[in-house]
Amino acid sequence: MPLRLREVATTPDTAINTMRGIAKGIGMKEFGSAQFGSFQMKGSEYGFADLRPTHLRCPTPYAYATAFGRWTHPVLAGAAATNWINTNVHQDAIVLIYGVFNNSATPTITEMYPRFGGEDLPWINMNQINGQWEPQWYFELGYVVSPRQPVQVQLTATGATAALTEEIGLIGEVLARRRYVIVQSAAAP
């Protein structure tokens, strides 16, 4: 089970590079003879890009959407686990997740319960990673979620929390076909 790193400055670069290698191997199988373009996808058919909320169809209440490309969250009731992300990775993408962030100075969202590719993580205490203390946590070992595999995250809060009020999200990358990255990275109108 991955451990959270408590030091913001400590980025698990070795683990991230290992994840990139695993994702590239999966991509070679999934995308066949398509040309790989690393982080410069121009002229190639697939490559790496920053993980955006649109890549995981992060929901607002009642619908899957994003607010101008920002990470968002649903309306939460106090002390009840509510689905935040519940989707399968698109067939043209492989998702790398290596941390979480919480930039809210006074968060009401208290916990996050992630399941990446069918693997359950322990509850993450979001109060320990907020704007006044540590805004982000990296996993010592990250997650590579293959195409068509599930990504599920539930949230709990101390009380009723309106949508879009707290800045939380996942830290990661996506290895995807260029056409998918272009369309799915566009901000919602």
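Of 139, 48, 39, how do they rank once you tally other Cβ atoms within 10 Å and put the fewest first?
Placing the least packed residue first, the sequence is 39, 48, 139.
Could you tell me the calculated FRET efficiency between residue 17 and residue 70, based on Cβ-Cβ distance and R0 = 30 angstrom, to the nearest 0.05?
0.60
In percent, what relative contact order does the chain have, based on Cα pairs under 8 Å that are 6 or more apart in sequence?
After rounding, I find 34 percent.
Residue 87 versus residue 160, label points 7 Å from Cα toward the beta carbon: distance in nm?
2.8 nm
Helix 13-30 versus the longest principal axis of the chain: what is the Cα-based angle in degrees, 0 to 90, to the nearest 10?
Helix 13-30 and the main axis of the chain meet at about 50 degrees.
So for 108, 11, fewest C-beta neighbours within 10 Å to most, what's the order?
Exposure proxy ranking, most exposed first: 11, 108.
Taken together, the values in this text are just the output of simple stated rules run on the coordinates, not laboratory data. Quick caveat, the model's predicted, so the values are computed rather than measured. Methodologically, a virtual Cβ is constructed for each residue, glycine included, from the backbone with ideal geometry; neighbour enumeration extends over all protein chains shown.
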